[in-house]
1. Below 8 Å between Cα atoms, with a sequence gap of 6+, how large is the relative contact order for chain B in percent?
2. Taking the beta-carbon count within 10 Å as an exposure proxy, list B:273, B:38, B:198 from fewest neighbours to most.
3. Averaged across the residues of A:231-238, what count of C-beta atoms belonging to other chains lies within 10 Å of each residue's C-beta?
4. Output the 0 to 90 degree angle, nearest 10, between the alpha-carbon long axis of helix A:76-112 and the longest principal axis computed from the alpha carbons of chain A.
5. Give the relative contact order (percent, whole number) for chain A; include only Cα pairs under 8 Å separated by 6+ residues.
6. Quickly work out the residue A:231-to-residue A:264 label distance, labels modelled 7 Å from Cα along the C-beta direction, and quote it in nm with one decimal.
7. In deg cm²/dmol and to the nearest 500, what is the mean residue ellipticity at 222 nm of chain B if only DSSP H runs of at least 4 residues count, each as -39500 (n - 2.57), divided by the residue total?
8. When B:120, A:237 are ordered from fewest to most other Cβ atoms inside 10 Å of their Cβ, what list results?
Amino acid sequence: MAVHSTSQGTVRWRFAKFTRHRGLMIGSTIFVLLVLSVLAAPMISPADPNFQNAMATFGPPSLAHPMGTDAFGRDMMARVLWGGRVTMLASLSVVVLGALVGTMLGLIAGYFQGVVGFVIMRLVDLLLAFPGILLALAVTAILGPGIENGVIAISIILVPVYVRLVEGATVEVRALPFVDAATTLGAGSMRIILTHVLPNVLSSVIVMTTTWLGIAALWITALGFIGLGVQPPQAEWGAILNDGQMFLTLAWWMTVFPGLFLALFVISVNMIGDGLRDVLDPIIRD
Amino acid sequence: MFRYFAGRLISILALLLGISVIAFLMLRLIPGDPVMALMGTQAADAATIDRLRHQLGLDQPMLMQYLTWIGHALQGNFGYSYSKQRPVIELVADAFPATIQLTAAALLLSVSFGLLLGSWAALKRNRLPDTLGMGVALALMSVPSFWLGMLLILLFAVTFPIFDVVSGQGFSGLVLPAVTLAMGVIGFNARFVRSSLLSAQANAHVVTARAKGLTPTKVFLRHVLRNALLPVLTVVGLQVGNLLSGTVVVETVFSRPGLGRLLVDAIMGKDYLTVQAVVLIIASIYAIINFIVDLLYPLLDPRIARR
């Protein structure tokens, strides 16, 4: 494993590869700032995001309300910051759930192949036949609207993508001589998968997870925007934008600010994803 | 050649079968009695419920239920929408043209601008146009389409009233939704075209072509672009799916009556037969388009059919 075979110098060199990548650094900076501001929501914007004030509806951005107020006089900045927590947590849950289940199934399919592998891979083909968010909508139709169901629905789309990636990598690693050597020495399947195969597919899984985090955020907010995600009055970027849509020409700030945060979040995640791919996955690099 | 086509044909048929099974099972996975779920808020007497149960074939074994359902679906009978009081096929037929129009327009935009932006970046590799173009591509991929759509409405409804914002069937109403739908895919295509061109450029025969004195334009068109187009074609086929399902969001933003809007309304109204029909139709169109893409491969690369 990397830890005991690399000298300190190599570690420093590896770290330098990360810090020298400009896109990765810019993306990480924006990402960290966004996450911090959302975590610091209680300090930056102590106003209750659901506090309604009938005297202050549709207030344009001002000192008291830097991002204005909405149709119920709720402070937009509080809603954007508190809503960001929901969007970020939901997107993260989607990729973690999808990655865990998908990696597990991919390892099983790639390592054992045979009938089990065949069945898993044909199911994957079938799930991939439903384009984009369509499958998630079908699942939402069955489970009903709500953020938890949205997370489940979207992570189901991610599972086949991970299975494909991990299965391919597992088949490749499995054919390498050191796996045969381990088998000869008496290692069981479980041990080989966990100590020899998994570490070798992990960097691809990490790169993929960053790439899909951005897409997950776009899809989670799309569900919220359509009205199938979090239910009112809870704040979430997609749901806030749904509120904004109704009063688009009347109160632009209800749409511009939450969307800007969402766009910045996805851009930063994608920049990190591109950067990690450049650094960790030299094969895909052009 | 024959083996290639036969293989493709068998796999598309298997895929369509699988899609229909999933769409069929959807209705059975809804918690509770499917008949009650279908009736929704409509109160019904026991006789109606029994009649509907018999009509849907719910009193028969699963396999018979599937065969009856798919037999009806193939004849265009997707059942009756109780919330809209109309046969589902009529709802779908009304919404279909608008969605196809929107998807086709967005596909045209995303392929042409994707190719332009991607080729430009590849030709000026590591120079300003490349950095700038790829930055734009990343931004286009990252910006949520519904937000972009709202910004466009804001811009064109308030500041420059050129295009119809409330969309009609005409060209003027199509521009903003098509641009909104295409943006993300333009960004994706541009990045893909660029990396595809760069890897085609690294081939030995490109160096030879340059060495024998062909002009850069000829080298690019004859030797680089042609080899780069194959993977691009695959990706374009796959992107049609993203465009089709993206209409769900874009049609909501522009309140455009299409399949996407129909699907969302049906989910909200628990109109399961409509959901089932739209899911089946969109997934089938997507599968058939990728089948056509597979059939086009041998035209671009004769080696594929000989394998």
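1. Details: 346 pairs, mean separation 83.6, N = 307.
It rounds to 27 percent for chain B.
2. B:198, B:273, B:38
3. Numbers: counts 0, 0, 0, 0, 0, 0, 2, 4.
For this peptide, the per-residue mean of nearby foreign Cβ atoms is 1.
4. Here the helix axis deviates by roughly 20 degrees.
5. Working: 404 pairs, mean separation 73.4, N = 286.
RCO, chain A: 26 percent.
6. A separation of 3.2 nm, rounded to one decimal place.
7. Working: 13 runs with 227 residues, N = 307.
About -25000 deg cm²/dmol.
8. On the way: B:120 16, A:237 31.
The fewest-first ordering by Cβ neighbours comes to B:120, A:237.
We did not get these values from a lab; they are worked out from the coordinates using the rules stated. What you see is a predicted model, and the numbers here were worked out from it, not measured in a lab. Please note: Cβ atoms are built from the backbone with ideal geometry, for glycine as well, and neighbour counts cover all protein chains shown.
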